[in-house]
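This report refers to the structure that appears directly beneath it.
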Amino acid sequence: MIPSQFEYHRPADMAGALAVLAEHGDDARVLAGGHSLIPMMKLRMADVPHLIDLQDIEALKGIKIAGGQITIGAMTTQHELIADTALHAAAPIIREASLQIADPQVRYMGTIGGNVANGDPGNDMPGLMQCLDAQFTLEGAEGKRTVPARDFYEAAYMTERDDEEILTQISFAVQQGGYAYEKQKRKIGDYATAACAVSITKENGTVTAASVAMTNLSDTPVFSEAANAVLVGTSCDTADIKAAVAAALEDIDPTEDNRGPVAFKKHVAGIIIKRAIERAASRA
Amino acid sequence: MKDEVTRDERVANLKGLGCSRKRVEDARFTQGKGNYIDDISLPGMLHGDFVRSPYAHARIKSINIDAAMALDGVTAVLTAKDLEPLSLHWMPTLAGDKQMVLADGKVLFQGQEVAFVVARDRYIAADAVELVEVEYEELPVVVDPFKALESDVVLREDLEGQTEGAHGPRKHHNHIFTWEVGEEEATNAVIDDADVVAEETMYYHRTHPCPLEPCGSVASMDKVNGKLTLYGTFQAPHVVRTVASLLSGIEEHNIRVVSPDIGGGFGNKVGVYPGYICSIVASIVTGVPVKWVEDRMENLMSTAFARDYWMTGKISATKEGKITGLHCHVTADHGAFDACADPTKYPAGFMNICTGSYDIPTAYLAVDGVYTNKAPGGVSYRCSFRVTEAVYFIERMIEVLAIELDMDPAELRRINFIKKEQFPYQSALGWEYDSGDYHTAWDKALKAVDYAGLRAEQAERVAAFKRGETRTLMGIGLSFFTEIVGAGPVKNCDILGMGMFDSCEIRIHPTGSAIARLGTISQGQGHATTFAQILASEIGIPADSITIEEGDTDTAPYGLGTYGSRSTPVAGAATAMAGRKIRAKAQMIAAYLLEVHDDDVEFDVDRFVVKGAPERFKTMGEIAYAAYNQAIPGIEPGLEAVSYYDPPNMTYPFGAYVCVMDIDVDTGVTDIRRFYALDDCGTRINPMVIEGQIHGGLTEALAVAMGQEIAYDDMGNVKTATLMDFFLPTAWEVPNYETDHTVTPSPHHPIGAKGVGESPHVGGVPCFSNAVQDAFRPFGLRHTNMPHDHWRIWQAANSLGLHD
Ligand SMILES: Cc1cc2nc3c(=O)[nH]c(=O)nc-3n(C[C@H](O)[C@H](O)[C@H](O)COP(=O)(O)OP(=O)(O)OC[C@H]3O[C@@H](n4cnc5c(N)ncnc54)[C@H](O)[C@@H]3O)c2cc1C
């Protein structure tokens, strides 16, 4: 549990951070809250000769809500997400989900940027961001670009982000309708056995939009277009939910681990998705 | 002098027996001022780290240390070859086996110590570990003890051809011992003739004590004076000194062993680990102090595990439910070396307490110890030697028998309890239970939880479930346990030949305060608080004026250490006895000062008074001063005493626990709605400390029953080596505990105390487990193995067709 030697950089602005990245390329990694990266370094599963700490870069912090858009700086901690009342009013699912991540100590350090950039299928924010149809802003030597969360994840720890880019902010629309983040875990501080983010809007009792995304049930977050399609236009009754769950289950591919074998995970996933849809629908 | 303080106030001022005195240790612990092994830093100290085996079974073809030695800051890399000339490449275990210190030709479990790197700092040591090149040739891995007994694969080649082990004949090259207690034929006959027989096989999974602080040591060999000082996480510092002397050849008076503050032990810190030996050798080789502190993964992978017992039982009864016989066979997976920490004559500890709290006339127990490619150990994780296994076994067998008899398990227990008037009770498997009043405790517990009401609620829930109105079942877990603690009488209990007495030495200072030193060592139990209370009541000096010191072998009297709830039964008894010696001398001094005969004064709280003339007295403070400042004819100056206490018997704490649990059948998620724990530990020294011990023990019981395990895959890889997968409960998972008690003093202990630190763990595990099993009883479940994590509960529900 002792990392190998590394150089520590602490730039004051984005230009400084990008410069170190450009200089060291593959040998450099940015450090946010460190609660995913540092354990990997201590296990010597990640070898990072140059560590670039982003904590002094003011531009990466803060939550802004304007014109129906929510913009969150990458270095905003999970604790800050939970504590922000304006954010809670604009997108209550963020607090509901964040409270189910890790434990308070981890949440004081862990950031939204680190959580979505990490690419670990166990992270809760990626699925949530897919549910919300968030956009990720990436900044590199060549400038900025925006990638939808739904297109960002390629495989475990593989994302659209280039090694020399920094994820600077995340933005999504102020939420309408009902929502739920449902997660089963073995204990506090555990990654999901199965988790599901759902957002549902209804008009006159009919679902007009639905968004179902899942965590830790495949090597990337799973956004289930099929489940969404099943729900839209229905009243979201028991049979509709059942059909949506069936559709969502078609999209997952869980693997066996200490949480249990595949059959168990699939069964639990079905229950968790169902509960998430029910709860979101009841709030819509 | 006029005494305006009432007698009650004088009693209160002592903070003696029965007082919920705040823990004196906590001031330093809560302010970060504890002094743990990793806080120790000596001038010039080097740091050690291990190269460990990635394989569970492999031959070592070569070890190349050149690259590691070439790294700047590396002082030495030790391998078995370096230890061999000192005969330290292997070491004896507490169980009569031997264990490799560093891999000698082969490795037998994943995480085994292969080489010891010594470097200027901890970081260089870790880098150097990566540079040691070890060439392995993989060998077939055996992780299943049943397969081990049939396998051609010889794990312990060093024992090849040895058909006799430390505990009798070995049946197979992977077999360690068979241990039998009781009457096999008579038991079989009773079972064959019985009205009703219940049979079950259960696996008590492998787990780990996982103290917050892992193990470590700092060795400092002073070559000029020939003295070795060894600091370490030792639950038995004196035994470590003796072993270190025997192994190293350094005379015992030249070795000083110090246990500093210990961050939890739970049995994990009883044994001797390769790290300790390597730090000593490295200090001898380099001439400077060497520190070794393992990390969490090393602790979970390589230091002593607990449990790993496959238990098969048969229990017979009359139609009315009176138990007639009990048969138990255990296949005990000991891993690669038999390093169980048990008294020498008990290779399966006190597993023969498995008749539990019941009057079972005929019984038989056999235990087969087996080698596998897993880490060695077999320690008593928060319990007396294998008592948790025994209690789990009998408390599950009772439940299975209740199913067989179609009887309420509370009632089945009641009609089989040993009766109050039967104590002292001789059990069929050889123990003499000192005292108990089980019926009173049981009735109190069932009443407190409204047992009948719970059963009615459960029946309604089952009906609602069957009607499809709920997917949550309710389980009522019962357990009644009897512990056997306080090892133990020297006539039958020893560790490496050392009788399991314990000791206390008291010095009263002239101004009426005192220091007492004991052979035990606190690891969170609060000895500094509670032993001072025992003394306060015995010698009339306030607990706040008594320092308790443990853990330094240069100053403390010889003792066997702290584990198996032995501190209060043994060292606590020694403390009371030493206190009585002080009091006897104080009485003579008081009589002299009061100018009366010795028999004319009597002890009263904090003074000796002239019988019939309470206004004539000498306080203990006055007596202490007199002991040092004046010549008293016929009495030596000073006021000191030492007592070595050999307990006449073990003590037998008991308790009645009830757990109410709701279980989500679809996800396997559990919610512990209620946990009631009644403990009877005899005389209660400090109710608050007792309550703290009970909360802690129950929480570790929750852990073990509900998720905590050391799991291996078929290749012998440890699957649960981090706290992400190894379940260590936090406040979040822990239910609210309701504690209660009865008081049945031990008749043979000087103050009637029995020990309590481990009871809640012993009784808690079957209680949590029984709650899970009970929830599914109406659907035909007989038994499902722990740990009851979500997927195993789900699997139980699934196999009963509850997901169809
Ligand atoms: C005990 C424990 C339990 C946990 N449980 C959960 C859980 O239940 N759910 C969950 O979602 N997470 C969990 N986590 C992870 C935690 O939320 C992490 O903090 C989070 O995943 C990563 O955020 P971080 O700020 O710590 O990132 P870091 O660890 O600093 O970085 C993670 C990775 O992302 C990269 N990175 C970070 N920021 C950026 C950026 N702005 N641009 C580009 N790349 C970047 C880093 O280079 C690194 O590769 C747990 C962690 C622990 C220690």
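The values are calculated or read from the model by the stated rules, or taken from the named source; none is laboratory data. Source: prediction; values computed, not measured. Reconstructed Cβ throughout: ideal geometry from the backbone, glycine too, with neighbour counts over all protein chains shown. Please note that ligands, DNA and RNA were not included when accessible areas were found on the heavy atoms of the full protein model with its side chains. Shrake-Rupley method; radii C 1.70, N 1.55, O 1.52, S 1.80 Å.
Across chain A, the mean sequence separation of Cα contacts (distance under 8 Å, 6 or more residues apart), normalised by length, yields a relative contact order of 15 percent. Given R0 = 56 Å, the distance between the Cβ atoms of B:Lys420 and B:Glu133 translates into a calculated FRET efficiency of 0.25. The value given for the range A:178-283 is a Kirkwood hydrodynamic radius of 13.5 Å, derived from the mean inverse Cα-Cα separation.
Backbone amide hydrogens, once placed in the peptide plane, bring B:Val669 within less than 5 Å of B:Asp664, excluding anything fewer than 5 places away on its chain. Note on exposure: B:Arg684, A:Arg275, B:Arg566 ranked by accessible area (1.4 Å probe, complete protein assembly) read A:Arg275, B:Arg684, B:Arg566, with the most exposed listed first. What the Cβ-Cβ distance of A:Met14 and B:Leu71 gives, at R0 = 35 Å and to the nearest 0.05, is a FRET efficiency of 0.40. Here the calculated FRET efficiency for B:Thr30 and B:Asp544, from their Cβ-Cβ distance with R0 = 25 Å, stands at 0.85, rounded to the nearest 0.05. Straight-line cross-link reach from B:Lys81 at under 14 Å between alpha-carbon atoms covers these aspartates and glutamates, not counting any fewer than eight positions away in the same chain: B:Asp104, B:Glu113. Once both labels are positioned 7 Å from their Cα atoms along Cα-to-Cβ, the gap between A:Asp162 and A:Ala89 label points is 4.1 nm. Once A binds B, the 1.4 Å probe can no longer reach about 2200 Å² of accessible area, counting both sides.
Counted as membrane-span-like here are DSSP H helices of chain B whose alpha-carbon atoms extend 20 Å or more along the helix's own axis and whose Kyte-Doolittle mean is -1.0 or above; these are B:387-405, B:451-466, B:573-594, B:687-706, B:759-776. Run down the lysines and flag those whose C-alpha is under 30 Å from the C-alpha of A:Lys266, throwing out any fewer than 8 positions away in its chain. Reachable lysines: A:Lys183, A:Lys185, A:Lys187, A:Lys202, A:Lys242, A:Lys274, B:Lys466, B:Lys719. Directionally averaged projected area (the range B:488-602, Cα convex hull): 8.3 nm².
Could you give the longest part of chain B that holds none of the GluC sites (Glu not before Pro) found in DSSP loops with at most 11 neighbouring Cβ atoms within 10 Å?
Working: sites that count: B:Glu4, B:Glu150, B:Glu160, B:Glu251, B:Glu320, B:Glu469, B:Glu595.
It works out to B:596-804.
Solvent-accessible area per residue in the range A:178-283 equals 37 Å², computed with a 1.4 angstrom probe and all protein chains kept.
Over every Cα atom in the range A:7-52, the radius of gyration and the widest Cα-Cα span, Dmax, amount to 10.5, 31 Å.
So for chain A, considering every pair of alpha-carbon atoms, how many percent are separated by more than 32 Å? The partial results should precede the final answer.
Values: 9545 of 40186 pairs.
Percentage above 32 Å: 24.
Within the shell defined by Cβ-Cβ distances under 10 Å, the residues around B:Asp552 carry a net charge of -1, with Lys and Arg each +1 and Asp and Glu each -1.
Run the helix sum for the protein assembly as shown: -39,500 (n - 2.57) per DSSP H stretch of 4+ residues, divided by residue count, reported at 222 nm to the nearest 500 deg cm²/dmol. Intermediate values should be presented prior to the final figure.
Details: 32 runs with 328 residues, N = 1088.
Mean residue ellipticity, 222 nm, calculated: -9000 deg cm²/dmol.
Evaluated with a Cβ-only charge set (Lys, Arg +1; Asp, Glu -1), the protein assembly as shown carries a dipole of roughly 2020 debye about its Cα centre, given to the nearest 20. Semi-axes of the equivalent ellipsoid of the protein assembly as shown are 52, 37, 32 Å, computed as sqrt(5λ) over the eigenvalues of the C-alpha gyration tensor in descending order.
Please tell me the relative contact order of chain B in percent, rounded to the nearest whole number, where contacts are Cα pairs under 8 Å and at least six residues apart.
15 percent
A dipole drawn for chain B from +1 and -1 charges on Cβ atoms has a positive end, and of B:Ala532, B:Ala189, B:Thr744 the residue lying farthest that way is B:Ala532. What share of Cα pairs, in percent, lie more than 23 angstrom apart in the range B:657-753? In whole percent, the share of Cα-Cα pairs in the range B:657-753 beyond 23 Å is 44.
Could you give the accessible area per residue of the range B:459-519, probe 1.4 Å, as a whole number in Å²? Write down the numbers at each step before the final one.
On the way: 1990 Å² over 61 residues.
Ligands and nucleic acids excluded, the figure is 33 Å² per residue.
Of the Cα atoms belonging to chain B, the radius of gyration and Dmax stand at 27.7, 90 Å. Heavy-atom surface analysis with a 1.4 Å probe gives chain A a carbon and sulfur content of 49 percent of its accessible area. Cross-link pairs exceeding 22 Å between alpha carbons, from the set B:Lys491/B:Lys754; B:Lys269/B:Lys374; B:Lys33/B:Lys223; B:Lys419/B:Lys444: B:Lys33/B:Lys223. Which Cα, out of A:Leu21, A:Thr193, A:Ala91, lies furthest along the positive dipole direction of the protein assembly as shown (beta carbon charges, K/R +1, D/E -1)? Toward the positive end, the furthest listed residue is A:Ala91. A dipole drawn for chain B from +1 and -1 charges on Cβ atoms has a positive end, and of B:Phe779, B:Ala70, B:Gly32 the residue lying farthest that way is B:Gly32.
For the range A:60-173, what is Rg from Cα atoms divided by 2.2 N^0.38 Å, rounded to two decimals? Write down the numbers at each step before the final one.
Working: Rg = 13.1 Å, N = 114, 2.2 N^0.38 = 13.3 Å.
Dividing the Cα radius of gyration by 2.2 N^0.38 Å gives 0.99.
Would you mind getting the accessible area per residue of the range A:60-173, heavy atoms of the protein chains only, 1.4 Å probe, in Å²?
Numbers: 4390 Å² over 114 residues.
Here the residues of the range A:60-173 average 38 Å² of exposed surface.
B:Gly696 sits among other residues whose Cβ lies under 11 Å from its own Cβ, and their net charge, with Lys and Arg +1 and Asp and Glu -1, is -2. Note on the range A:16-84: the C-alpha convex hull projects to 5.9 nm² when averaged across all orientations.
Averaging the sequence gap over all C-alpha pairs within less than 8 Å and six or more residues apart, then dividing by the number of residues, gives the range A:178-283 a relative contact order of 31 percent. Between the Cα long axis of helix A:14-24 and the first principal axis of chain A there is an angle of about 70°, rounded to the nearest 10.
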